[in-house]
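In what follows, a single structure is set out as structure tokens and then discussed.
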Amino acid sequence: MSAARRVLAALRRMSSLAPVRAAQRPCLLIQKGSLVSSSYRRRAAQAGVLAATLVAGLLQASSAQAVTGGTAVTDGSFGFVAKVDVGSLERSCSGSLVDPWWVLTAKSCFSFDGQAVVAGKPTKPTTVTVGRPNLTASTGTVVPAFRIVPHTSRDLVLVRLARRVDVTPVALGAAPTVGEQLTGAGFGRTASAWVPDQLHSGSFGVQTVGASTLDILGSGQTGICRGDLGGPTVRVVSGKPQLVGVHYSSWQGGCFAETETRRDAVDTRVDDLGPWFAATMPQGVATDAYEDLNFLYTYDPGQASPTTFPATSTGGFGDPIGSWKSTETRYNRDRVKVFNDDFDGDGIKDVVALSTAADGSFAIDTFITGPDGKYGAPLRSWTAGASWGHIGSMKMASGDINGDGRADLTAFYGYELGNGKEAWINWIARPDGGLGAPSTVWEATTFGNWHSTAVFAGDVNGDGRADASLFYAYADGSMALITWPGQADGKFGTPYNSWTTPKDKPFAALANMKLRSGDFNGDGRGDVAVLKYVASNSTSLHTFTAKADGTFNAPVQSWASAEFGHFASMKLASGDYNGDKRDDLAVLYRYADDGLSMNTFTSTTSGGFTTPFGTWVNRPRTFGWWVNMRFDGE
């Protein structure tokens, strides 16, 4: 028996299907390519809507399916239509991008074994493909789902993506009217293909309009099939689609392997859901296309306030946003290390503070950044007594070491400083943004001089996991970059030299280097940028771009100035501040009168940087003190 016949036979034997809705409704459109016996279809039509569970592993090819009797969508006109895959080859639905961070689909797409769909992380791993009408192409984006928010009374759910996608969302339209012709789309079956890879759309007429649903009828041979569940029905106005319905159920007339002839379908209305959208997916500076700069402001008594510099389309910054101040006084600026990274995997960078109290005890706090760039009280996830170690013996960085989409912490720890014994210690992030207990993942007793190192973390080889690297300055003036590759278990592999320079061609003394990691040329690998003190007020900017083999190219200078200002009066940060998918550099500068300014080096496709420009200026000083503004890595 061929593989295809075995699949068909197995699917025909399925007997675990259960009716879930009232009688006289057509059949639900969930499963990917399943075949249901005619006797069961008759029972489903009589008893209610068909809710089918997929058979995992039966479909090895792409599970895309599409509207029957319609036309293939080959351009970008329906780029907002999403394919939602739930579980491992278990379920496939359609959906609509309604915000750069959110997809709308059917709630029943996430229901298994009759269980209620609840807000939070999907019970099964979920991926969403957007902007790819032909699933064999490489256009658009494939992104994991971070969490779901079901509607309380309609078969709808909003799916929060793990990161923003650059596809134009569909807007909500006005209420549909009886007799109106609309366009439906989806990745469901066609009349002749069980699992095609092409999005299709077709014309549907509105038959009746209820309080929360609308009945539609396919024009000609057009119909709604399995796999279309959650897909959009839109009104096209001046060439632009407006969302008015989401596919809910259908008789599946004309669909592959179906004998039913009726082409009626039911959609869930969405035209009146503006308030639910606004409440569920609030907009703010942290959810636009421009990555903000988050830092921790510390007060001399030891309180702290996480704060956001919102970035703009130019890569510059607006006035800082702060909304919460601690009452606890453990955040003294000399006893805290600060990290600005995405610790909960929601696509927005947060602030983590590793602090020691006056008695030497440790604590890690995560300040989750809200959509508006503001903060509440932190999540405290790890504590230890003073005997655990010494904060002054830790050179630290953040990055997604195990590749799970959340940033972790790593520390290069020096034991009995100067004796050559060092270790890498990692804290792995939890789904809530907290950090687990630390573990020693690499240790050496004769490595070298801890004082001769400067550390950073970035995905050097582009495998989706952050690697730990450090500059090592030898006594004779030579220098090396040494990299420890990140692993899926949250540990590091064997270290290797990723760049070296001999003593007769020294790069710089460590004291004359300020460094930040980031993907500065947009190739998906982690580079490192170094601002170097030259002499007097002279500074230069260099980039070590990463190579696919996990090593670095020789540094390239892209900027130098004898007038920019004092090297010691600069704090560095990195992020994609102008939304071009390349990381930039931000410089907080302190003037002699204690005034402040924020300046941006935007990156180029080569990984170099343009001349810096200033946006936010605080002269005379009214905001705060430069020494109390703790940036990433400080």
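The values are calculated or read from the model by the stated rules, or taken from the named source; none is laboratory data. Everything numeric here is computed off the predicted structure, so don't read it as measured data. With ideal geometry, Cβ positions are generated from the backbone for all residues, glycine too; neighbour counts draw on all protein chains shown. Only protein heavy atoms, including side chains, enter the accessible area calculation; ligands, DNA and RNA are left aside. Shrake-Rupley method; radii C 1.70, N 1.55, O 1.52, S 1.80 Å.
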VAL627, VAL587, VAL178, reordered so the largest accessible area comes first (probe 1.4 Å): VAL178, VAL627, VAL587
Partners for LYS491 among aspartates and glutamates (Cα-Cα distance below 18 Å; same-chain residues under 8 apart left out): ASP400, ASP404, ASP408, GLU422, GLU443, ASP459, ASP463, ASP467
Heavy atoms of THR622: accessible area, 1.4 Å probe, square angstrom to 10: 110
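Rolling a 1.4 angstrom probe over the protein heavy atoms, how many square angstrom per residue are accessible across the chain?
38
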Accessible area (Å², 1.4 Å probe, nearest 10) - TYR290: 60
For the stretch 534-602 and the stretch 361-407, distance of Cα centres in Å: 25
Spatial separation of Cα centroids for the stretch 430-457 and the stretch 293-358, in angstrom: 22
Degrees separating the helix 3-12 axis from the principal Cα axis of the chain, which is the longest one: 70
Signed unit charges on C-beta, dipole axis of the chain, positive-most listed residue ALA535, ALA592, ASN578: ASN578
Net lengthening on full extension, THR327/ALA175 (0.36 nm per residue, minus Cα-Cα): 49.7 nm
Sites SER219 and SER138, calculated FRET efficiency, Cβ-Cβ separation with R0 22 Å, nearest 0.05: 0.10
Given LYS547/LYS581; LYS349/LYS374; LYS421/LYS532; LYS325/LYS571; LYS395/LYS581; LYS107/LYS240, the pairs whose alpha carbons are separated by over 20 Å: LYS421/LYS532; LYS325/LYS571; LYS395/LYS581; LYS107/LYS240
Heavy atoms of HIS451: accessible area, 1.4 Å probe, square angstrom to 10: 110
Approximate spin-label separation ALA358-GLU563, in nm, with each point projected 7 Å along Cα-to-Cβ: 4.9
Modelled label reach - ASP166, point 7 Å along Cα→Cβ, the stretch 603-630 residues with backbone N closer than 13 Å: 605
Spherically averaged projected area in nm², based on the convex hull that wraps the Cα atoms of the chain: 31.5
Accessible area in the full protein assembly, largest first, 1.4 Å probe, for ARG164, ARG380: ARG380, ARG164
Accessible surface ranking that places the most exposed of SER96, SER561 first, with a 1.4 angstrom probe: SER561, SER96
Cα long-axis angle, helix 38-47 against the chain (0 to 90 degrees, to the nearest 10): 90
